[in-house]
Amino acid sequence: MTTAALLIAVLAADLGLTVKVDGPQVCVVGKAVRLKLVEVGPVDSREWSIDPPVEDIFISADETQLAFTTPIDGDYQVTVSVAGIVDGKARSAHATYRVTMLARESVEETPSAQRGVRSARALDPVDVVRRAARAVVSDDRMADAQIVAAALRDIAASKSNGNLLAEARALSAGALPDGGHAWRSFWADLDDMFAEFQDQRLLPTRAHKAAALRKVAEILAAGEPGSVRAF
């Protein structure tokens, strides 16, 4: 949280309304930035904005979560304004949050960053898929996960010899309520994982790739162990 946002939040506390933004401060272009609103008080309305503006943006139905992606590196300032009635009077509070988007090339040139990316990709597929699914900002992530799992199974069972992941993504987009927008980061994480498997020669044939798709579908359909809700 920036110093300005903290100051605003402290001042707003005297009015019975506080707000701040929680999320990463550094990300890589092409990856989704997911931010969550933390508020105290009777908030009735919320409004988000990003400067400079971005095209790929998702705001949850309750307006407490925002996700965005951008192909352009640099600093992005996220501003959120909330309003509500406190002690019979209209009150408002504001917070700003800066996110720095790094160019993919600058990350790849850093040895420590390369090791971090490779380490993340080398994780157990179960962990990778669950983390990627949990990161999705969606109004009904459990239902969406079943749609994505079904698309993965359908493409795995098809006769296609093309890019199976891309085809599964396109198939799921047609059934998801937002055209698959909220799941873009999930597919990006899968692309990274499958690319690592390819580098290790773990997916030499279509049959191996189809089996990998079925495994991802199985993990998605199962959700989190010991929980009645997925992820």
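Just so it is clear, none of the values below were taken in a lab; they were calculated from the coordinates. Quick caveat, the model's predicted, so the values are computed rather than measured. All Cβ positions, glycine included, derive from the backbone under ideal geometry; neighbour counts span all protein chains shown.
Starting from the alpha-carbon convex hull of the range 111-222, give the projected area averaged over all orientations, in nm².
Convex hull of Cα atoms, orientation-averaged projection: 6.8 nm².
Can you give me the distance in nm between label points at THR79 and ASP62, each placed 7 Å from the Cα along the Cα-to-Cβ direction?
My value for the distance between the label points is 2.6 nm.
Take ALA103 and ASP192, extend 7 Å from each Cα along the Cα→Cβ direction, and tell me the distance between the two endpoints in nm.
2.0 nm
For the pair ALA207/GLN25, report the inter-label distance in nm, with labels modelled 7 Å from Cα in the Cβ direction.
5.2 nm
Calculate, in nm to one decimal, what ASN161 and ASP44 gain on full extension: separation in residues at 0.36 nm each, minus their alpha carbon distance.
Between ASN161 and ASP44, full extension yields 37.0 nm more.
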